[in-house]
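Novice: Questions regarding the structure given below will be posed in turn.
The values are calculated or read from the model by the stated rules, or taken from the named source; none is laboratory data. Just so it is clear, the model here is predicted, and its values are computed rather than measured. Just so you know, the surface numbers come from the protein's heavy atoms only, side chains and all, with ligands and any DNA or RNA stripped out. Shrake-Rupley method; radii C 1.70, N 1.55, O 1.52, S 1.80 Å.
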Amino acid sequence: MVLALPIFFLFAIYGVVAVYLPIVLTGMGYTATQVGFLLGIFEGAGVILPLIVSPIIEKKGRYGLFLILMGLLMVVLPLPMIKFLGFGATAIFLSIYSFGYKGSVPLSDSLAQSFLGEQGNDYGKVRVAGSIGYVVMTLLLQYFVPAGTASQYMVWMVASAGLFVVSLFFVPGILSSHEKKSLQTESGVAETVSSKKESLPQLLSQFPPIFWMGILLLFLGFFGLTPATKMFALYTTEFLHSNAAGALSAVSAGSEIPFMFFSGRFLRRYGSFKLLVFCTALVTVRLLLYIIFPNMTGAVLGQSLNSVTYGLYHPAAVVFVAQYAPKGKLMISMSLYSIFALGLASVLGNSLGGWMIDSFGYPTVFTTFAVFPLVGVLVYLFVRKKL
């Protein structure tokens with residue numbers, strides 16, 4: 001698909017930021033608690049963006065134009081970010097950068113769903129390009145910049161963002177207005193749409209109870225994943241005493257590629273919601289592996305389970321929110337997923353996780369966070385007959 005190349009470069013940016021941002025911040029002199037709060041601020045800014053901008057983007061339908069603007073933001077900001085030091089300045093620059101970094105994912109997902117139309121279950125075949133881009137970038141950095149400086153990592157961020165923006169101009173119709181074609185939910189109920197201006201409660205009331213149950217599962221699942229994703233670089237360096245964060249991240253991203261590519265088969269057989277429940281439960285198993293085997297073996301096993309806890313989890317989530325999006329509300333539906341299940345989960349997870357690392361250590365952090373996804377599954381089992 002024509003979006004494969006931009007998605008490749010978009011997640012190449014993630015290959016730098018997701019792996020090395022905690023290490024960069026630590027190298028700038030911040031403690032684990034401060035790093036946790038800075039990452040929380042970073043994620044929080046990514047929550048605010050979709051909340052403010054998504055109704056405007058949905059109304060305009062210009063997904064491609066806004067995606068280009070967010071890409072340009074990621075090109076411009078990284079280098080000044082390391083020139084103005086201090087907790088406040090770092091927090092401000094991280095917040096602004098997050099507007100483009102976090103906002104680009106739901107936009108690219110919406111654009112992909114718009115292009116795919118009724119073939120939305122094949123989203124994973126497009127998104128797998130992002131996993132490949134992530135793996136390529138982490139391996140490049142592991143090999144060429146094994147112990148780089150903040151400035152070196154920023155250069156790689158700018159280069160990836162620049163290639164992302166350029167690649168978007170090769171997508172036919174990128175500046176056109178896009179709207180997702182009518183898509184029925186798994187229950188076969190067609191969506192309705194109103195042309196009247198709606199209040200926030202009216203807008204949210206259009207989503208069925210099963211949608212909010214799915215969002216709760218995703219929130220608790222991604223909240224639980226925080227130590228294995230956002231804090232993993234610190235876990236590798238401080239707990240395992242290894243500089244293999246990049247290589248282990250490549251294992252994680254590489255494992256998700258086949259599941260991402262073939263996710264459509266699982267979705268057609270089991271449906272998106274059943275996969276959400278299964279993947280959420282497996283998050284608990286993944287987190288416990290890091291502590292049951294507190295060595296490189298546990299790290300490899302845990303990272304390998306990213307195959308399901310992201311490679312299958314994310315496509316199931318994207319298809320799920322698209323299936324239950326009222327007509328004309330695709331970007332808003334994707335933003336709700338981004339805001340609550342990804343953004344808010346990361347904000348709270350980073351803040352709590354950073355404090356817990358300083359106070360109690362990594363075993364307590366991983367064990368505690370493993371409880372939350374399990375709670376989500378138990379809640380679903382209790383209320384499933386009412387959905």
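Novice: What do you reckon, how do Leu378, Leu77 stack up by accessible area (1.4 Å probe), largest on top?
Specialist: The residues order as Leu378, Leu77, largest area first.
Novice: Keeping every protein chain in place, order Tyr310, Tyr290 by accessible area at 1.4 Å, biggest value first, i.e. largest first.
Specialist: Tyr310, Tyr290
Novice: Rounded to the nearest Å, what's the spacing between the alpha carbon centres of region 334-361 and region 206-231? Just the number, please.
Specialist: For region 334-361 versus region 206-231, the Cα centre distance is 11 Å.
Novice: Please give the Cα centre distance for region 21-100 versus region 110-127, rounded to the nearest Å.
Specialist: If we compute the Cα centre of each part, the gap is 27 Å.
Novice: With the alpha-carbon atoms as the only input, what is the per residue convex hull volume for region 265-387 in Å³?
Specialist: Taking the convex hull of the Cα positions in region 265-387, it is 119 Å³ per residue.
Novice: Carbon-plus-sulfur fraction of the accessible area of the chain, 1.4 Å probe, in percent?
Specialist: Exposed carbon and sulfur together represent 70 percent of the surface.
Novice: Continuing with the same structure: Explain nothing, just the number: relative contact order of the chain, from Cα pairs under 8 Å at least 6 residues apart, as a whole percent. If you can, show how the numbers build up before the last one.
Specialist: Numbers: 616 pairs, mean separation 114.4, N = 387.
Once divided by the residue count of the chain, the mean separation gives 30 percent.
Novice: Take the Cα atoms of region 261-331, build their convex hull, and give its volume per residue in Å³.
Specialist: Per-residue hull volume (Cα only) is 96 Å³.
Novice: OK, next. Using just the helices of the chain, give the 222 nm mean residue ellipticity in deg cm²/dmol: DSSP H runs with n ≥ 4 each add -39,500 (n - 2.57), and the total is spread over all residues, rounded to 500. Mind showing how you got there, number by number?
Specialist: Numbers: 19 runs with 282 residues, N = 387.
Calculated at 222 nm, the ellipticity per residue is -24000 deg cm²/dmol.
Novice: Just to make sure I understand: if all protein chains stay in place, what is the order of Arg265, Arg286, Arg62 by accessible area at 1.4 Å, largest first?
Specialist: Greatest to least solvent exposure: Arg265, Arg62, Arg286.
Novice: Note down the Stokes-Einstein diffusion coefficient of region 229-299 in µm²/s, whole number, using a Kirkwood radius over alpha carbon pairs, 25 °C, and 0.890 mPa s.
Specialist: The Stokes-Einstein estimate is 177 µm²/s.
Novice: Would you calculate the volume per residue, in Å³, of the smallest convex hull containing every Cα atom of region 113-156?
Specialist: It comes to 78 Å³ per residue, whole-number rounded.
Novice: A follow-up question, please. If you line up the Cα atoms of the chain on their principal axes, what length do they span on each, largest first, in Å?
Specialist: For the chain, the Cα spread along each principal axis is 54, 46, 37 Å.
Novice: Any idea what Rg and Dmax come out to for region 1-140 if you just take the C-alpha atoms, in Å?
Specialist: Rg and Dmax of region 1-140, Cα atoms, are 16.0, 50 Å.
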